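The block underneath contains the structure these notes are about, expressed in C-alpha cells.
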Amino acid sequence: MNYVQPIRDVRKIDRIKKLMRKEGKLKELVLFEIGIKTGLRISDILNLKWSSVFSESGDNPAFREIISIKEKKTRKAKQFH
C-alpha cells in the first residue's frame with residue numbers, strides 16, 4: 001500500500017496556489033484552499049458542488065460565507081466560514 005504525506009512546506013503550497021491563479025483554475029484553487037484550511041477528507045471535498053461554495057444568484061455573485069457539509073465517514077454535519 002502506498003502512503004501519502006501532506007505538503008508541509010508553506011512555500012510549496014504558495015507556489016501551487018500561485019500557479020492555479022496564473023492558469024485561471026479558480027475552482028481547483030477553491031477546492032485546494034478548502035482542503036488545506038479545513039482538513040476535510042478528500043471524499044468530502046470531492047462531493048462539494050461549485051454552488052456549495054459560490055452563489056451566482058442575485059446581482060452580486062460571491063463566495064458563500066458559510067459552507068455546510070455532511071461528512072461521509074462520520075455522518076456529522078459541519079459548517080465552515
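The values are calculated or read from the model by the stated rules, or taken from the named source; none is laboratory data. Everything numeric in this text was worked out from a predicted model, so none of it was measured. Cβ: placed from backbone, ideal geometry, glycine included. Neighbour counts: every protein chain shown.
For region 56-81, a residue qualifies if it is exposed (fewer than 14 other Cβ atoms within 10 Å of the Cβ) and either of a type in the set (A, V, I, L, M) or under 15 Å from the mean Cα position of the chain (by Cα) (or both), and the qualifying residues are 62, 63, 64, 65, 66, 68, 70, 77, 78, 79, 81. When you scan region 22-32, how many residues do you find that are in a helix (DSSP H, G or I), at pLDDT 85 or above and surrounded by 11 or more Cβ atoms within 10 Å (Cβ to Cβ)? Of the residues in region 22-32, 4 are in a helix (DSSP H, G or I), at pLDDT 85 or above and surrounded by 11 or more Cβ atoms within 10 Å (Cβ to Cβ).
Matching residues to (1) within 24 Å of residue 68 (Cβ to Cβ); (2) among the polar types (S, T, N, Q):
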site: 23; (1), (2): no, no
site: 28; (1), (2): yes, no
site: 46; (1), (2): yes, no
site: 51; (1), (2): yes, yes
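Across region 33-75, the number of residues qualifying as among the hydrophobic types (A, V, I, L, M, F, W, C) and part of a helix (DSSP H, G or I) comes to 7.
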